[in-house]
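Have a look at the structure below before the remarks.
Quick note: the coordinates plus some simple rules give every number you see, no bench work behind them. Bear in mind the structure is a predicted one, so any value in this text is a computation, not a measurement. Every residue, glycine among them, receives a Cβ derived from its backbone with ideal geometry; neighbour counts consider all protein chains shown.
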Amino acid sequence: MTKIQKIILSGVVVLMISSWIILKNNKQPIVDQKQNQEQISASPSNPSANKLPIVQEKWVKFTSDNLKLSLSYPESWKILDNPSGGYIELETNISDTDKGDMFYSIFVTRQGNTDHKSFENLVFPKDTYTHTDRSKLYSKSTINGLTVYRTDNLISQSGTLHYFVTKDDSVYFNINFFPYYPDHSVINQDKILMYTNKIIDSLSFN
């Protein structure tokens with residue numbers, strides 16, 4: 001083999017190794033990006049999850065003159081407007097386990113606050129929650145310009161996740177679903193949580 005041939009061969013080997021290294025380094029961020037997208041879409045506490053294409057089915061708008069609000073929900077769900085009871089009920093089956101579907105009920109009620117109490121004093125009164133740091137019983141976020149308080153610590157309603165939604169502090173809308181299993185080893189409730197966040201995102205007050 002001549003000297004020129006050796007130089008050419010060495011150059012080809014170096015080029016192949018360099019190309020392999022570049023391809024390897026460029027491949028990893030694509031995997032990470034996909035993993036991050038899955039993590040975001042699976043995070044019900046992240047309002048940005050509402051904007052991901054998690055639900056492909058058709059959503060329809062419903063207006064309640066009794067509660068003075070409008071919301072959207074999946075067309076396949078059942079909805080019951082109960083003016084005499086002062087609530088809206090949404091019913092659905094969602095695949096949350098390997099063994100079958102889970103049946104969920106989502107209730108929407110209206111709670112006035114003419115005295116303009118703070119959320120903490122309205123929902124967790126001192127005379128009931130006497131031995132608890134009430135500020136640790138809920139979390140606060142903003143969805144579509146609305147203030148949203150989330151809690152599953154109401155003494156009278158265990159196994160239920162509540163979202164208290166307000167534009168100002170004069171009226172709260174309580175959106176809750178049942179059953180709620182935050183630490184269940186089999187049931188994964190990411191999907192129903194995302195649906196609930198999406199319903200909250202669609203809210204408008206009449």
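At-a-glance table
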quantity: Residue pairs, from the table LYS61/LYS136; LYS78/LYS136; LYS167/LYS198, whose Cα atoms sit over 23 Å apart; calculated: LYS61/LYS136; LYS78/LYS136
quantity: FRET efficiency, TRP59 to SER118 (Cβ-Cβ, R0 30 Å, nearest 0.05); calculated: 0.35
quantity: Sorted peptide list for 140-147, 196-203, 168-175, criterion being average Cβ within 10 angstrom, highest first; calculated: 196-203, 168-175, 140-147
quantity: Signed unit charges on C-beta, dipole axis of the range 54-205, positive-most listed residue GLN189, LEU67, THR142; calculated: THR142
quantity: Among 64-76, 113-125, the order from most to least packed when residues are scored by Cβ within 10 Å on average; calculated: 64-76, 113-125
